[in-house]
Amino acid sequence: MVQIPNIRTQGASCPLAKTLETLIISTAWVSDYDYGGQTKLDASGFYETLLASCSSTICRLEFSHCGFDGIRSNNELNNVPLSFNTELPMLETLHIGDRTLLDAEADSVLPRLVREGLTTLFIPYNRETFQSLSKIGQILTLKNFFIGGSATNGEMPTGFIKANTQIESLVAHWKDDRFMVRLLQSLEDHGDLKKLSLVWSERHIPETSLSRLSLLSSLETLHIGAITEYWRFYNWVVDHDKIMTYVRRLPGLKRLIITGDVYSFGPEHGTLWYYDIRQPGSESWPTHETEMFQYAVAYFLALPMLEFLHIGQILFAVEDGTNNGLRRPVMIGSAWIGAGGYNILKKEFKSKKEAEFAEF
């Protein structure tokens, strides 16, 4: 594996062209650099040269290219979207960074990367990329699809998702309900879908979306969440009775993870600080544990195949044996957000190595 955190576009080549299998590269234009009077900055030639030199061996590629480094910008310079023609016949995993812009008019980019043989795809949430994807159609080998970034453009095309009915796992975080509704509609014929992780950029999950979610009967692992603030500030006052009404229609569900959820709170604190007030070791934590245990009992009764549950930052598993024929939960740990929370991608969707390779 070769990581190239800082690189100029002159004189660069792949030093391990015959053996390189994993390439992780992130590039950006430097705002205070003298570009000799150029106004349009195009890194396409650099990527073309680099990828061509190791195209026959690359199996995993993560690349990210943003207009300018850090938070600085330069209104006098224009970052040209990437366009290159390199084919990577051995490519199995592709991760395109969230701030990366590809040339939507140049059909040579994504069709050469998203092709048969690819099994895992991380894609940025922008119109140009999704428009290009919609022209590609079904990739039978594709099993895992991750939609990165955060945005509120609910009109993003979902044709690529609808066409790839063989997808087994899908992740979409920080999206508004307009997009989520269309996404769930596009999954109605996905009989192989086993794992699904959705986080709404809303204060709640609308019941219409829960209803569509309940139609995905092949699901075995489901993660849902809602949050509108910075990741630590949760404000979704969850209604477990409503959620249970719909998830109990998923007969094969084995793992259910709910995040962003808050519960009863004092008016002097508000919801944003719920888990700062209630954390392991605090006076209020035992009361919180008792409340979560009662919800867990109801979930394990409603879902006969359920093996694992995450609610209120607490982890539950099913108790060994039976109690008069009833399946009872047992508390197996805490995933308090202040200690990093529950890493959905690492725990449920990828191996540790894959999670380190690409984080959202």
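Tabulated values for the structure
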quantity: Other-chain or far-sequence residues with amide H under 5 Å of Trp236's (modelled H); calculated: Val262
quantity: For Leu41, distant residues with modelled amide H under 5 Å away; calculated: Asn78, Asn79, Val80
quantity: Net lengthening on full extension, Glu48/Thr208 (0.36 nm per residue, minus Cα-Cα); calculated: 53.1 nm
quantity: Peptides ranked, highest mean first, by Cβ atoms within 10 Å: ranges 279-287, 86-94; calculated: 86-94, 279-287
quantity: Reachable lysines, given that their alpha-carbon falls under 30 Å from the alpha-carbon of Lys347 and they are not under 8 places away in the same chain; calculated: Lys143, Lys162, Lys175, Lys194, Lys195, Lys242, Lys254
quantity: Amide H contacts under 5 Å for Glu202, placed H, 5+ residues apart; calculated: Ile227
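Every number in this text was worked out from the coordinates using simple rules, so none of it is lab data. Just so we're clear, the structure is a prediction, and the values are computed from it rather than from any experiment. Cβ sites come from the backbone with ideal geometry, for glycine too, and all protein chains shown count toward neighbours.
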